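Throughout, read-outs are computed from the coordinates displayed, never taken from laboratory work. Just so we're clear, the structure is a prediction, and the values are computed from it rather than from any experiment. Heads up, the Cβs are rebuilt from the backbone with ideal geometry, glycines too, and the neighbour counts pull from every protein chain shown.
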Amino acid sequence: MLKTWILSLMLTLQPKAPWADTYESTAESIATVVESEAPLFAGDKGREMTAALLVSVAWFESTFKPTAIG
């Protein structure tokens, strides 16, 4: 379920991109990390807030482009 929510955030931020077919694997990677590591935020929504932060940083840094270097 977290992966689906992350994917929806990605599609909201960058709906049309030639690399949109890679969004699902990116969402899966983010969800895996968020579910396996301690959340950055406390509380009931700590994991969701952590995922949202990771998605926003990924969009800022690369617009989810899988070949971005940095």
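Quick check: the angle from helix 23-36's long axis to the longest principal axis of the chain, C-alpha only, nearest 10 degrees? That helix lies at roughly 20 degrees to the long axis. Considering only alpha-carbon pairs that sit under 8 angstrom and 6 or more positions apart, the relative contact order computed for the chain is 38 percent. Relative to the longest principal axis of the Cα atoms of the chain, the long axis of helix 46-62 makes an angle of roughly 20 degrees. With contributions of -39500 (n - 2.57) from each DSSP H run of at least four residues, the per-residue ellipticity at 222 nm computed over the chain stands at -20000 deg cm²/dmol. The dipole here belongs to the chain: it is taken about the Cα centre, uses +1 on the Cβ of Lys and Arg and -1 on the Cβ of Asp and Glu, and is about 180 debye.
Between the DSSP loop rule and a limit of at most 14 other Cβ atoms within 10 Å, which GluC sites (Glu not before Pro) in the chain are left? Those that pass, being in a loop and sparsely packed, are GLU37.
Ellipsoid fit via the Cα gyration tensor, the chain: semi-axes of 21, 12, 10 Å, each the root of five times an eigenvalue, largest first.
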